[in-house]
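K.L.:
The structure under discussion is supplied below as structure tokens; questions concerning it will follow.
The values are calculated or read from the model by the stated rules, or taken from the named source; none is laboratory data. A quick note: this is a predicted structure, and the numbers were derived from the prediction, not measured. All Cβ positions, glycine included, derive from the backbone under ideal geometry; neighbour counts span all protein chains shown. In case anyone asks, the SASA skips ligands and DNA or RNA and just uses the protein heavy atoms, side chains included. Shrake-Rupley method; radii C 1.70, N 1.55, O 1.52, S 1.80 Å.
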Amino acid sequence: MAVLTAVQEESEAFREVGGLTQRLRGKPYYVAEGSDPKYPNVVHREIDRNNIQSGEKVRDVIEHWQPELLVLCGIAGGINGRADVSVGDVIIPPYIHYCSFAKLSSQGARRRYIPFDYPSINLHQDYVAPLRDDHSWLTDELKSELPEDCHPKVHIESLVAGDKIYGDPNSEEQQRIVQDYDEAVAIDMESVGLCRGVAASRNNPQYNPRLLIVRSVSDIIDDPQNDESRKLWRPYACAIASHFTWRVVTDIVEMEPDPRRTPEVAA
């Protein structure tokens, strides 16, 4: 499986948590020390910001590895007043909105749509939803890195993906997005790139990848202290998202058969 991050700080946090210290020579991929470089259980790559670049890199990852699962791990901006979301919380979206494709007219902005995949239902049901009440993913190591009053909650709620960093409470565009997508709890810049890249790569009936998006809230976009909050909470959010992702990934590796290995034929 492939775990993807958008920026260096997210990448460094995940590689530290997962022990992915070995870079494949001449490639932008990291695996665990001692892994089979051709068939590692988990491979990591940084895919850059924004949906266009992330989509391009996702297709590269799929072409190179054909991973059974792709996970986007990192941070997002929360929306004030939605589902009691706070900085540090984990957002696992079952549904993604793309807010940057629209027609501007005298009647205002009208949404337009493009096709893309969505996060896998069975991953949410089997691996993510139970962790809302099972706090064992909050390891002692992670707790020691966080402020004492930080108690991350897990939310399975919709997310908006755009092509800008939103953090101005006075922005008319940001206010419109918050109003239009009234059930979304967070916003990022890469999720649609992942979802579109996976959809565009479904050209082989024998290859059926699943995808999952894990975000931790680094700031509240409509908070006047947005910039200060992001600077303070970004390292914490990167660590939280990485630990949660690693727990889900290791659970899947342990619980599901490796599709690359053919069962032994009975004698």
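K.L.:
Run the numbers on the chain and let me know its relative contact order in percent, using alpha-carbon pairs under 8 Å that are six or more apart. Please list the in-between numbers first.
P.N.:
Working: 508 pairs, mean separation 80.7, N = 267.
With pairs under 8 Å counted, the relative contact order is 30 percent.
K.L.:
Here's another thing I want to ask about it. Express the accessible area of region 1-100 per residue in Å², computed with a 1.4 Å probe while the remaining protein chains stay in the model.
P.N.:
Here the residues of region 1-100 average 43 Å² of exposed surface.
K.L.:
Below 8 Å, C-alpha to C-alpha, sequence gap of six or more: please give me the relative contact order for region 130-267 in percent.
P.N.:
Relative CO of region 130-267 lands at 25 percent.
K.L.:
Determine one quarter of the surface area of the Cα convex hull of region 1-154, which equals its mean projected area, and express it in nm² to one decimal.
P.N.:
On the way: hull surface 47.6 nm².
If you wrap the Cα atoms of region 1-154 in a convex hull and average its projections, you get 11.9 nm².
K.L.:
Restricting things to Cα coordinates, could you compute the convex hull volume per residue of region 132-225 in Å³? Could you put the intermediate results ahead of the total?
P.N.:
Details: hull volume 14.9 nm³, N = 94.
Here the figure is 158 Å³ per residue.
K.L.:
Taking the alpha carbon gyration tensor of the chain, what are the square roots of 5 times its eigenvalues, largest first, to the nearest whole Å?
P.N.:
Largest first, the chain gives 30, 23, 17 Å.
K.L.:
Which order do peptides 109-118, 49-58 fall in by mean Cβ count within 10 Å, highest first?
P.N.:
49-58, 109-118
K.L.:
Which peptide among 160-168, 86-94 comes first, and what is the full order, when sorted by highest mean count of other Cβ atoms within 10 Å? Could you put the intermediate results ahead of the total?
P.N.:
Numbers: 160-168: 20.3, 86-94: 22.9.
Taking the mean over residues of other Cβ atoms within 10 Å, the ranking is 86-94, 160-168.
K.L.:
I would also like to ask the following. Which FRET efficiency value, to the nearest 0.05, do you get for Y118 and D251 by plugging their Cβ-Cβ distance into 1/(1 + (r/R0)^6) with R0 = 25 Å?
P.N.:
That pair, Y118 with D251, gives E of 0.75.
K.L.:
Two decimals is fine: what is log10 I(q)/I(0) at q = 0.14, 0.20, 0.24, 0.30 Å⁻¹ for region 23-86, from a Debye sum with one equal scatterer on every Cα and no solvent?
P.N.:
The Debye formula, applied to the Cα set alone, gives -0.53, -0.85, -1.08, -1.44.
K.L.:
Also, quick follow-up: Report, in degrees rounded to the nearest 10, the 0 to 90 angle that the Cα long axis of helix 226-255 makes with the longest principal axis of the chain.
P.N.:
Between helix and principal axis, roughly 30 degrees.
K.L.:
Is any residue of region 218-241 close enough, with backbone N under 15 Å, to a label point placed 7 angstrom from the Cα of V7 along the Cα-Cβ axis, and if so, which?
P.N.:
From region 218-241, the list is 218-221, 226-241.
K.L.:
Simple spin-label model, 7 Å along Cα-to-Cβ: A200 to Q125 in nm?
P.N.:
3.1
K.L.:
Rounding to the nearest 20 debye, state how big the charge dipole of region 149-221 is about its Cα centre with +1 on each Lys and Arg Cβ and -1 on each Asp and Glu Cβ.
P.N.:
Charge dipole, region 149-221, about its Cα centre: 560 debye, nearest 20.
K.L.:
Additional query: Taking the Cα centre of the chain as origin, work out the dipole magnitude from +1 charges on Lys and Arg Cβ and -1 charges on Asp and Glu Cβ, in debye rounded to 20.
P.N.:
Using Cβ point charges on Lys, Arg, Asp and Glu, the chain gives about 1140 debye.
K.L.:
Right, another one. Per residue of the chain, what 222 nm ellipticity follows from adding -39500 (n - 2.57) for every DSSP H run with n ≥ 4, rounded to the nearest 500?
P.N.:
Taking each H run of at least 4 residues, the total per residue is -9500 deg cm²/dmol.
K.L.:
What number results when the radius of gyration of region 95-157, computed over Cα atoms, is divided by 2.2 N^0.38 Å?
P.N.:
Its radius of gyration relative to the 2.2 N^0.38 Å reference: 1.76.
K.L.:
Report the FRET efficiency, 1/(1 + (r/R0)^6), for S100 and D60, where r is their Cβ-Cβ distance and R0 is 22 Å, rounded to 0.05. Mind dumping the intermediate values first?
P.N.:
Values: r = 22 Å, r/R0 = 1.02.
Rounded to the nearest 0.05, the efficiency is 0.45.
K.L.:
So if each residue of separation counts as 0.36 nm, and I subtract the Cα-Cα distance between E68 and D140, what length gain in nm does that give?
P.N.:
22.9 nm
K.L.:
Just how large is the dipole of region 161-267 about the Cα centre, in debye to the nearest 20, putting +1 at every Lys and Arg Cβ and -1 at every Asp and Glu Cβ? All intermediate terms of the calculation are to be shown ahead of the outcome.
P.N.:
Numbers: 12 positive and 19 negative charges, 125 e Å.
That gives a dipole near 600 debye.
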